[in-house]
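S.K.: Input: one structure, supplied below.
The values are calculated or read from the model by the stated rules, or taken from the named source; none is laboratory data. Everything quoted here is computed from the prediction, not taken from an experiment. Heads up, the Cβs are rebuilt from the backbone with ideal geometry, glycines too, and the neighbour counts pull from every protein chain shown.
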């Protein structure tokens, strides 16, 4: 029975992840269109039924599946094929550590709404996101094309310059919520400061949030930090790819956006926590409360988690369509000279404040 | 430090511009979906095949040949349009007309639209005001090149 529940959880999490990824492409097109006073893709239809172009992702997917799977004669065929799958796999696996909600009581069982409650879930996600760079380096190298190689090497250089800041910025969070398990970090955020302000990570770690946000934007490898791709100068590591393999790289990008949003909500915005909602219902800070059945509470938590994730996806797409890209050396400067000192400052400051509060 | 903060402020201001565009456009889109009256539309897009932009009065569209009152083409086969045409897409073959006032009429008048660059020189060169580009037809696309060669009958329509 446990195995069945685990399989159902894996399938549900993956379906949620992939459907959200598909519709993130739709969101990206529509949002950029609205920002630029356009309408965006709205022609894909089923029996003349358009509905805001919501069928567009499926049309794109079908097109990509039926395109020719082309491997250049000069490429290393094995690695060229392996690279997109590596890239995709390391991002797709991170979903297992993301807590979607609190526990669900169903027929005498307590099911944790998380695929796998790793006691080092945070480190697991960070590690898998860093491993994703192997796909990029391999694709750049295996294509045997100078520009793809440049893209791959740039990806590696960018990774080194922001990954340190990414890790250091989270040490403050680990100090405040003393755990590496994402589920317990979220549980810690259910408490209130002074009895009425939700104890969310962003209020305790504002500087850590800013540093993590910038580093995480670099992690997704999109404009303003699209060093490996660099559409305007080198086409990037996926120049020699087409069809579904290129689609895997594109989906990796969007899945990274979702994972970064999930990390941002889980660590800094209370994850599935709804302000003042406990397991038995709302407890208003001005006294009194409202008891809710268990199912409603779980639904509210899932809804809160999804709304927060969609908001951060929206924010990241907004940033992608607002700012011009950084130059190669500017990303290095930002990573090494600004973000790392700031994150170190954050650790020291957090330590001092915690020492005084003890 | 102050300079860096200034940059940061400008970055946020830039972000607010796109947020403003997003919010106002979404507001007008929502009003339209709800069927309420809005000050303007959410997007400047003209949804082309369903919705067409009004052409300017002087817009150069598909050619047409004009007729006299008795129905014969006004063209007198002077070949000025053939001479002036920069893409050399007009070819005219003259025939004799019994009316001594007219003397020449076109036996063939062919415009190869696959070569035409829609410069309008033929209209300006014509001394008889026999050719005009005011039909308002701008969708001249065909599946075969032969369909783009317009002869006298097609042009007189």
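Yes or no, residue by residue, for (1) surrounded by 17 or more Cβ atoms within 10 Å (Cβ to Cβ); (2) farther than 30 Å from residue A:189 by Cα:
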residue	(1), (2)
A:39	yes, yes
A:73	no, yes
A:98	yes, no
A:107	no, no
A:115	yes, no
A:123	no, no
A:127	no, no
A:138	yes, yes
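S.K.: If I ask for residues that are in contact with a helix residue (DSSP H, G or I) (Cβ under 8 Å, 6 or more places away or on another chain) and either part of a loop (DSSP other than H, G, I, E, B) or surrounded by 14 or more Cβ atoms within 10 Å (Cβ to Cβ) (or both), which ones from the range A:47-65 would you list?
M.R.: A:52, A:53, A:54, A:56, A:57, A:60, A:61, A:64
S.K.: Residue B:38 fails exactly one of the following numbered conditions: (1) away from chain A (no Cβ under 11 Å); (2) outside any loop (DSSP other than H, G, I, E, B); (3) surrounded by 11 or more Cβ atoms within 10 Å (Cβ to Cβ). What is the number of that condition?
M.R.: (2)
S.K.: Given the criterion modelled with pLDDT under 90 and surrounded by fewer than 23 Cβ atoms within 10 Å (Cβ to Cβ), identify the matching residue among A:236, A:243, A:247.
M.R.: That would be A:243, the only listed residue that is modelled with pLDDT under 90 and surrounded by fewer than 23 Cβ atoms within 10 Å (Cβ to Cβ).
S.K.: So, residue A:271, is that one within 30 Å of residue A:194 (Cβ to Cβ) and either part of a loop (DSSP other than H, G, I, E, B) or within 14 Å of chain B (Cβ to nearest Cβ) (or both) or not?
M.R.: Judged against the criteria, residue A:271 is a match.
S.K.: For the range A:29-46, name all the residues that are touching a residue at least 60 places away in the same chain (Cβ under 8 Å) and either at the interface with chain B (Cβ under 9 Å from one of its Cβ atoms) or part of a loop (DSSP other than H, G, I, E, B) (or both).
M.R.: Hits for the range A:29-46 are A:31, A:35, A:36.
S.K.: Oh, and also: I'd like to check something: does the range B:44-53 contain any residue that is more than 11 Å from chain A (Cβ to nearest Cβ), surrounded by 10 or more Cβ atoms within 10 Å (Cβ to Cβ), farther than 30 Å from residue B:130 by Cβ and at pLDDT below 90?
M.R.: no
S.K.: Do the conditions hold for residue A:306, that is, is it farther than 22 Å from residue B:14 by Cα, over 20 Å from the mean Cα position of the chain (by Cα), away from chain B (no Cβ under 13 Å) and not in a strand (DSSP E or B)?
M.R.: It is false that residue A:306 is farther than 22 Å from residue B:14 by Cα, over 20 Å from the mean Cα position of the chain (by Cα), away from chain B (no Cβ under 13 Å) and not in a strand (DSSP E or B).
S.K.: A further question on this structure: From the list A:83, A:13, A:92, which residue is under 17 Å from residue A:241 (Cβ atoms), part of a helix (DSSP H, G or I) and either in contact (Cβ under 8 Å) with a residue 40 or more places away in the chain or in contact with a helix residue (DSSP H, G or I) (Cβ under 9 Å, 6 or more places away or on another chain) (or both)?
M.R.: Answer to the check: A:83.
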